[in-house]
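What follows is a single structure, written as structure tokens, with notes after it.
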Amino acid sequence: MQLAYSESERHLAREVRAWLTDALPRLGPRPDRDDWAGRRRFDTAWQALLFEAGYAGIHWPRAYGGREASPTEQLVFLEELDRAGAPDVGVNFVGTLHAGPTILAEGTEEQRSRHLPAILRGEHVWCQGFSEPEAGSDLASLRTRAVRDGDEYVVNGQKVWSTYAHVADYQELLVRTDPDASKHKGITWLIVPMGTPGITVRPIRTIAGPSEFCEVFYDDVRVPVANRVGLENDGWRVAMVTFAFERGTGFVGEITEGMRLCRQITEAAKRVRVGTGTAWDDVELRRGIGRAAASFDALWSLTAWNVSEAARSGVPGAGASVLKLRVGEAFQELADVGLRVLGRAGLAIDEVAGVRGARILEEYLRGFGLTIGGGTSQIQRNIIAERVLGLPKEPVWTSS
Amino acid sequence: MDFQLTALQEELRETTRKLCRGRLPIAAARAAGGRVERAAWAELEGAGVFSLRLAEDHGGLGLAMTDAAVVFDELGRGLVPGPLVWTHIAAGLDLGDATVVGGLERPVPGAPAVVEHLGDLDALIVIDAEGVWALDPHAVVARPLQPFDPLTPVWEVDSLGRGDAVGGPEDGARLRAEGTALTAALLAGVASGVCDLTVAYAKDRRQFGRPIGSFQAVKHALADMLVRAEMARVQAYAAAAHLDEPELADVERAVAAAKIVAGDAAYQNGKAAVQLHGGMGMTWEVDAHLYLKRAHVLDAGFGSADAHAEAIAALVG
């Protein structure tokens, strides 16, 4: 059992650190949170810098521009990026971490050479079209319909929670091609250019304000059959392949963000005046921060455990669901403490009495998404109970 | 980085688990009222539980804290009674031929001076800011108490003498850190053992014509138990790894985090186990309460989760 990085892993860390010292100043100023055109420009410029240096898709095969990094090397890389305050993956999220790897695993040679380099260079931005208003946790019941017409599919329906759809060039879209088959059997995975006539994108305002989420509507959208990834009606399996790409590094950003939030809440606690002292004098609040810090330390240890497991076996273990479930909860527990620390200074997003609560308030609201997106905590508990603990499935209720 | 069990650690885990199930079952500990049975203790000694980190030329196996953590995780899962942690961390001290060693952190005047397993000890050690002290447990004036955990007999000590110095302040700090990490490993094992017990019950117990473990209200609570146990285990291992590997910074924080996460996990899982066993959970016969009570005993040793949470907050700020 070895928790420290090896000499070669430390060598990579030094190399990445040196490059970041040079590369980060070359990035322009960060755009405002709600300036989506600016955010697309900024995030794709960052992706292009990563590509030039050979760090884009660091764990992808060399043939497609990657450098075949091991899971632990990928962890080292992500940790260095975070330590230096580098931008996160941003609008490149779906392309580099979801659609790209799926095309890599299941696409044709033509699809790979057309899309993968463009994703890595930051030329194409992707979004996801999976969830629907009536297909959330029960994703396989999706109803957006695609009907074959010659060498095209004609798509009609609606998607929701489509991240970055308003700035995307392409979408990975799950459609129903066989309405008579059982729900998992009639789904197909398509590559859809977002400029295709008949597509309407509407941004969603969330509890945290304007967001990266959108609704997407399809009105007789014609998609070439050549854009299908995998076989017709085999799209569920193609979509599930994505989970095999998870190498334990999926929540590094949230964990380091949680540790950063711990420090920010501590700083705020020392500034917020309560009675004759500050919020920091309140032992209950200090313990709350301490317990949250311990949770994030343990989440980091679980990440190291999962990444090491993936490095040994090549596939993720049961730890992935455990991590997903606990990250969201720990983040919310911490943000709760943050709000209690702010007290009346938390009634405004602006600075009050020398305390600026904006970040804590924003993270508090964003935190709710962590136990909903990517499979709710309730679904994660079902997965853990049934697949890890081997408990029997709950009886299925039918409307008839 | 290879933060997974080595082949040797897999073997240690299996042999310890077999030893607990075969020679040290909970039923035997119940029958003995948690008293240290010399034959059982000899089994633990023979398996290297106490000496495994001693150098080979001192009769040990020359192994690391992580190896010990794997073993203590299993001892916790098996609810093995006795002063396991103190006897282990005292292995390098000059205590004559003592084989059962207990201990405590020197209580401040007026604080409860409660010693576990006093009646079975060959040696008693006390850690304070100045060092490590050995006392003769037979010479200590104490009265036996009715224990909260029926498998952890306790005594209230009238007054603890200073004792004979067997280590300096650095030794005291090291023993405290190692003891905290190994207690976290025991707690992780308790959290995991009681999770297993409850999952088995939920698969077996039927109501409304089906196993209660098929109902989401029950299975979600069980999933939470597993999550807590897993978090406890990895952080207990991480704390041990921090003590083994000097290149890892923040040892103090890693050890405190382990004690918090594992302490909370064992306690929360113990409570959930009593609840999920329904009426049976309230009975003396079912083991659920023994895990819960052990969780309290272990949380109260080497600094409670609350105390460590305050300590970590000071390190964050």
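The values are calculated or read from the model by the stated rules, or taken from the named source; none is laboratory data. No experiment lies behind these values; they were computed from the predicted model shown. Ideal geometry is used to build each Cβ from the backbone, glycine not excepted, and the neighbour counts take in all protein chains shown.
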Filtering the range B:223-269 down to residues that are basic (Lys, Arg) and under 15 Å from the mean Cα position of the chain (by Cα), which residue is nearest to residue B:293 (Cα to Cα)?
B:259
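Here's the yes/no breakdown for (1) of a type in the set (A, V, I, L, M); (2) crowded, with 21+ Cβ neighbours inside 10 Å:
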| site | (1), (2) |
| --- | --- |
| B:120 | no, no |
| B:124 | yes, yes |
| B:153 | no, yes |
| B:164 | no, no |
| B:175 | yes, yes |
| B:195 | no, yes |
| B:205 | no, no |
| B:230 | no, yes |
Test residue A:294 against the criterion of being within 11 Å of another protein chain (Cβ to nearest Cβ), in a helix (DSSP H, G or I) and more than 22 Å from residue A:240 (Cα to Cα), and give yes or no.
yes
For the range B:288-306, enumerate the residues that are in a loop (DSSP other than H, G, I, E, B) and either within 11 Å of another protein chain (Cβ to nearest Cβ) or surrounded by fewer than 19 Cβ atoms within 10 Å (Cβ to Cβ) (or both).
B:300, B:304
Among the candidates A:86, A:56, which residue alone is under 30 Å from residue A:362 (Cβ atoms), more than 14 Å from chain B (Cβ to nearest Cβ), outside any helix (DSSP H, G or I) and in contact with a Ser or Thr (Cβ under 9 Å, 6 or more places away or on another chain)?
A:56
Which listed residue, of B:273, B:309, B:239, is under 21 Å from residue B:26 (Cβ atoms), in a helix (DSSP H, G or I) and either away from chain A (no Cβ under 12 Å) or out of contact with any Asp or Glu (no Cβ under 8 Å at 6 or more places or on another chain) (or both)
B:273
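Among A:357, A:367, which is the only one that is buried (at least 23 other Cβ atoms within 10 Å of the Cβ), more than 14 Å from chain B (Cβ to nearest Cβ) and either under 20 Å from the mean Cα position of the chain (by Cα) or basic (Lys, Arg) (or both)? Can you show your working first?
Numbers: A:357 fails: either under 20 Å from the mean Cα position of the chain (by Cα) or basic (Lys, Arg) (or both).
Testing whether each residue is buried (at least 23 other Cβ atoms within 10 Å of the Cβ), more than 14 Å from chain B (Cβ to nearest Cβ) and either under 20 Å from the mean Cα position of the chain (by Cα) or basic (Lys, Arg) (or both) leaves just A:367.
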Return the residue satisfying two criteria in turn: it lies in the range A:7-53 and is without any contact (Cβ under 8 Å) to a residue 24 or more places away in the chain and either of a type in the set (Ser, Thr, Tyr) or in contact with a Lys or Arg (Cβ under 6 Å, 6 or more places away or on another chain) (or both), and of such residues it is surrounded by the fewest Cβ atoms within 10 Å (Cβ to Cβ).
A:8
Residues in the range B:141-149: is at least one in contact (Cβ under 8 Å) with a residue 40 or more places away in the chain, touching a helix residue (DSSP H, G or I) at 6+ places or on another chain (Cβ under 8 Å) and assigned to a loop (DSSP other than H, G, I, E, B)?
yes
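For the range A:250-277, what are the residues that are in contact with a strand residue (DSSP E or B) (Cβ under 7 Å, 6 or more places away or on another chain) and within 12 Å of chain B (Cβ to nearest Cβ)?
First, the residues of the range A:250-277 that are in contact with a strand residue (DSSP E or B) (Cβ under 7 Å, 6 or more places away or on another chain): A:268-272.
Those that are in contact with a strand residue (DSSP E or B) (Cβ under 7 Å, 6 or more places away or on another chain) and within 12 Å of chain B (Cβ to nearest Cβ): A:268, A:269, A:270, A:271.
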Only one of (1) assigned to a helix (DSSP H, G or I); (2) more than 30 Å from residue A:270 (Cβ to Cβ) does not apply to residue B:260, and that is (2)
Can you spot a residue in the range B:184-195 that is at the interface with chain A (Cβ under 9 Å from one of its Cβ atoms), in contact (Cβ under 8 Å) with a residue 12 or more places away in the chain and within 26 Å of the chain's Cα centre (by Cα)?
yes
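Conditions tested, residue by residue: (1) modelled with pLDDT of 95 or more; (2) within 9 Å of another protein chain (Cβ to nearest Cβ); (3) crowded, with 24+ Cβ neighbours inside 10 Å.
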residue: A:299; (1), (2), (3): yes, yes, yes
residue: A:322; (1), (2), (3): no, yes, yes
residue: A:334; (1), (2), (3): yes, no, yes
residue: A:340; (1), (2), (3): yes, no, no
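Quick one: in the range A:261-290, which of the residues that are in contact (Cβ under 8 Å) with a residue 60 or more places away in the chain and of a type in the set (Val, Ile, Thr) is nearest to residue A:334 (Cα to Cα)?
Within the range A:261-290, the subset in contact (Cβ under 8 Å) with a residue 60 or more places away in the chain is A:261-262, A:264-265, A:268-269, A:271-274, A:279.
Right, trim to of a type in the set (Val, Ile, Thr) and you get A:265, A:272, A:274.
On the way: A:265: 9, A:272: 17, A:274: 20 Å.
Here the answer is A:265.
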Pull up the range A:301-318, narrow it to residues that are buried (at least 21 other Cβ atoms within 10 Å of the Cβ) and not aliphatic (A, V, I, L, M), then point me to the one that is farthest from residue B:226 (Cα to Cα).
A:308
Return the pairs, sorted by first residue and then second, in which the second residue is acidic (Asp, Glu) and part of a helix (DSSP H, G or I), the first residue lies in the range B:208-220 and is more than 12 Å from residue B:278 (Cβ to Cβ) and within 9 Å of another protein chain (Cβ to nearest Cβ), the beta carbons are less than 8 Å apart, and the residues are 6+ apart or on different chains.
B:211/B:204; B:219/A:386
